1. Could you tell me whether K129 is surrounded by fewer than 17 Cβ atoms within 10 Å (Cβ to Cβ) and at pLDDT below 95?
2. Of the residues L19, L33, which single one is over 26 Å from S166 (Cα atoms), touching a Pro at 6+ places or on another chain (Cβ under 9 Å) and either of a type in the set (G, A, S) or buried (at least 18 other Cβ atoms within 10 Å of the Cβ) (or both)?
3. What's the total number of residues in region 46-84 that are part of a helix (DSSP H, G or I), farther than 28 Å from V30 by Cβ and over 15 Å from the mean Cα position of the chain (by Cα)?
4. Looking at the structure I just gave you, is V100 under 30 Å from L19 (Cα atoms), in contact (Cβ under 8 Å) with a residue 60 or more places away in the chain and in a helix (DSSP H, G or I)?
5. Conditions first: (1) free of Cβ contacts under 8 Å to residues at least 60 places away in the same chain; (2) under 30 Å from E167 (Cα atoms); (3) assigned to a helix (DSSP H, G or I). E95 passes all but one, so which condition is the exception?
6. Could we say that S86 is surrounded by 14 or more Cβ atoms within 10 Å (Cβ to Cβ), out of contact with any Gly (no Cβ under 7 Å at 6 or more places or on another chain) and under 25 Å from I162 (Cβ atoms) here?
7. Answer with yes or no whether A113 is surrounded by 17 or more Cβ atoms within 10 Å (Cβ to Cβ), in contact (Cβ under 8 Å) with a residue 24 or more places away in the chain and under 14 Å from the mean Cα position of the chain (by Cα).
8. Would you check if S166 is more than 26 Å from L19 (Cβ to Cβ), in contact with a Pro (Cβ under 6 Å, 6 or more places away or on another chain) and outside the structural domain of A15 (by TED's automatic domain parsing)?
Amino acid sequence: MDIRTVKTNRDLKNAYLELSAQMLPSKITVAELSKAALVNKTTFYRHYKDIEEFADLVEQEAFDGFIQGLNDSDKLLTDPKSFLTSLMGHMFANESDLLVFRGKQDSLLAKLANFLSDRYIEETSSITKINEITFIIGGLINSLGSFIYTTDRSVESQAKFIKDNSEIISKITNNNETKEQIQPRQPQRPYFSDKSFWK
């Protein structure tokens, strides 16, 4: 990639981030972006099919950067409190980088769900464990979505979110370990005799 292309891409990305702080990213047009980046519209279309393709690339880059800086991402099941503390702290510390998801928080949550599923489900072949992980991730993503959409994002609310969700995850993982050790009891006799229950 030549230097001009690198500069053009950087200028477009920086302009997109600046515009995202002022308006919903979905409202940004190629004309506005080109003007803010001091780039000709023709140049934009030489590199990208449309604004949606460009936005998808910027979102993916923002998410990849976010994930790379996330500590304790391997502790969701073993130490959920550390994982959630790291996740919440990282989200709020990098809020400006995540502005590209403003109005599209569901996209951010979907990417996070996919990242966590890929990370944890690949490590097991147990159907029970896969179901448990899927349940935990789905519940966490829904809870995080509810939290993101609330107006109260105080330190106290974050602490309650972390406490509540880490306790739920711990209960699920601890209960599942107990269940896997206990073999289901086989019935000593059939539940229904040959004489129909319904007669």
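1. Working: surrounded by fewer than 17 Cβ atoms within 10 Å (Cβ to Cβ): no; at pLDDT below 95: yes.
Considered against the rule, which asks whether it is surrounded by fewer than 17 Cβ atoms within 10 Å (Cβ to Cβ) and at pLDDT below 95, K129 comes out as no.
2. Details: L33 fails: touching a Pro at 6+ places or on another chain (Cβ under 9 Å).
Result: L19 is the single residue among L19, L33 that is over 26 Å from S166 (Cα atoms), touching a Pro at 6+ places or on another chain (Cβ under 9 Å) and either of a type in the set (G, A, S) or buried (at least 18 other Cβ atoms within 10 Å of the Cβ) (or both).
3. Total satisfying the criteria: 3.
4. Values: under 30 Å from L19 (Cα atoms): yes; in contact (Cβ under 8 Å) with a residue 60 or more places away in the chain: yes; in a helix (DSSP H, G or I): yes.
It is true that V100 is under 30 Å from L19 (Cα atoms), in contact (Cβ under 8 Å) with a residue 60 or more places away in the chain and in a helix (DSSP H, G or I).
5. With respect to (1) free of Cβ contacts under 8 Å to residues at least 60 places away in the same chain; (2) under 30 Å from E167 (Cα atoms); (3) assigned to a helix (DSSP H, G or I), E95 is out only on (3).
6. Values: surrounded by 14 or more Cβ atoms within 10 Å (Cβ to Cβ): yes; out of contact with any Gly (no Cβ under 7 Å at 6 or more places or on another chain): yes; under 25 Å from I162 (Cβ atoms): yes.
Yes, satisfied.
7. Working: surrounded by 17 or more Cβ atoms within 10 Å (Cβ to Cβ): yes; in contact (Cβ under 8 Å) with a residue 24 or more places away in the chain: yes; under 14 Å from the mean Cα position of the chain (by Cα): yes.
Yes; evaluated as a whole, the condition is true for this residue.
8. Details: more than 26 Å from L19 (Cβ to Cβ): yes; in contact with a Pro (Cβ under 6 Å, 6 or more places away or on another chain): yes; outside the structural domain of A15 (by TED's automatic domain parsing): yes.
Considered against the rule, which asks whether it is more than 26 Å from L19 (Cβ to Cβ), in contact with a Pro (Cβ under 6 Å, 6 or more places away or on another chain) and outside the structural domain of A15 (by TED's automatic domain parsing), S166 comes out as yes.
The values are calculated or read from the model by the stated rules, or taken from the named source; none is laboratory data. Quantities reported herein were computed from a predicted structural model and do not represent experimental measurements. Note that each Cβ is placed from the backbone with ideal geometry, even for glycine, and that neighbours are counted across all protein chains shown.
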